[in-house]
Amino acid sequence: MKSRGLLVTAVALSLGTAAACGGGGSSSGNSATKAHGPIKIWYSNNAQEVAWGKQTVAAWNSAHPKEKVSAQEIPAGKSSEEVIGAAITAGSEPCLIYNTSPASVPTFQKQGGLVPLSDFSDGASYIDARTGSSAAQYKSPDGKYYQLPWKSNPVMIFYNKKEFAKAGISTTAPSLGSYSQFLATAKKLVSTGAAKYAIYPAPSSEFFQSWFDFYPMYAAQSGGKQLVANNKGTFDSAAGKAVATFWRQLYAQKLAGNETYNGDAFADGTAAMASVGPWAIAAYKDKVDWGVVPVPTEQGTSGDQVPTFSDAKNIGMYASCKNRATAWDFMKFSTSVGQDGKLLTLTGQMPLRHGLQQEYASYFAANPEYKTFATEAAHVVEVPNVANSIEVWQTFRDAWSKSVIFGKGDTGQSLADAATKINGLVKQQ
């Protein structure tokens, strides 16, 4: 998907471990923790998020004339994380960035670029209360929070009702719950000419692409496991091999495309299904009459509580920030019940807030198409917070691309080899 291009592509190789900006533990950092005054923030260039950001800043500034917030879209660059990494090195990053990828947090933390939010007196308690038990996924190995869990986009399977109807497949209860059902439906979509491909996740080599083919289904098949746990890869397992075999069948039978596609294959009608979260609903509006179901599992899914990948974006406080007390107050304001409600209304993305459906019951009653995503938001699996996170995912992606997408070598052996390499990466400091 186009908006995923904001993610890091080479940041782990380009950043190193420089800490010229200092960290939250220095004497200057300690004084900054108590300082109030003007701050700067960056948010993404997603149109709906820009609208949310502008109204949030305006509401804050009207009530805090001595603690003005100035905001802008994140500067253009090859990737947002590459831009952030360069800014950390130069000491020119803003106080807050509302586009911080959880996968990049270990790199930014090692670089000395992130302020530990747990160092605020109410830092950990605020995050735990707002996010609930799932907040633990966002802690760093030292037990501290260096990111505030902000919003998720639970990845599910979107399907094109028009193309399903053309293939003679139910548009209200399509048979997609198990791998065998999914494959049979995919074959019917292609054989009838309803669509050229059943599904078309990006086959390119960027590390984050595995978050939209392998990882959602692995989360579901494994019952909610992360890629790495206890400093060891978890995917060289029956669950990982089942997911790899399933995707290999899709590619081998030409039910999924493995060539570069310029555009959005689902929005264009080239593919009848897509693996994506609710952020994309705005992109499909007036283009696709869509339905949505949970990602499949080998034996079949039941209901909308199947674990899946979060596709979250979080808020980081960065080390060059001088007025950190104001920055922390603004973080809490921007993630309050009121502002989370406006984020939901303006963007359709799910605030990482405990009791989401109950808190915004009227919204989901008026917008039932988002209710399924809200249910899934309580069951999301995050990327692991481990050393060399980006390299870990790139190692996995390289193995996946070779054996699954392009069918070179044994998929099981490929997963085993990747796990061995990843086990070494996560043990490095």
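The values are calculated or read from the model by the stated rules, or taken from the named source; none is laboratory data. Since the structure is predicted, the reported quantities are computational estimates derived from the model, not experimental observations. Here the Cβ is made from the backbone with ideal geometry for all residues, glycine too, and neighbour counts use every protein chain on show. Keep in mind that these areas ignore ligands, DNA and RNA; they rest on the heavy atoms of the full protein, side chains included. Shrake-Rupley method; radii C 1.70, N 1.55, O 1.52, S 1.80 Å.
General observations
- Across Lys188/Lys408; Lys187/Lys408; Lys188/Lys287; Lys144/Lys241; Lys166/Lys342, pairs whose alpha-carbon gap is larger than 30 Å: Lys144/Lys241; Lys166/Lys342
- Computed 3J(HN,Hα) for the stretch 255-269, one whole-Hz value per residue from the Karplus formula 6.51 cos²θ - 1.76 cosθ + 1.60 where θ = phi - 60°, is 8, 10, x, 10, 10, 4, 10, 8, x, 10, 4, 6, 4, 7, x, glycine and proline marked x.
- Neighbour net charge for Thr335 - beta-carbon separation under 12 angstrom, K R +1, D E -1: +3
- What you get for the chain, charging only the Cβ of Lys and Arg (+1) and of Asp and Glu (-1), is a dipole of about 160 debye around the Cα centre.
- Shown in residue order for the stretch 397-405 are the 3J(HN,Hα) couplings computed by the Karplus curve 6.51 cos²θ - 1.76 cosθ + 1.60 at θ = phi - 60°: 4, 4, 5, 4, 4, 5, 8, 8, 6 Hz (x for Gly and Pro).
- Residue-count net charge about Phe164 - beta-carbon cut-off 14 Å; Lys, Arg +1, Asp, Glu -1: +3
- Taking the accessible area of the stretch 237-334, probe 1.4 Å, and keeping the other protein chains in place, the carbon and sulfur fraction comes to 43%.
- Accessible surface, per residue, of the chain when the full set of protein chains is kept, probe 1.4 Å, Å²: 38 Å²
- The share of accessible area on the stretch 49-202 that comes from carbon and sulfur is 54 percent, using a 1.4 angstrom probe.
- Other residues within the sphere of radius under 9 Å centred on the Cβ of Trp42, judged by their own Cβ, net out at -1 (K and R +1, D and E -1).
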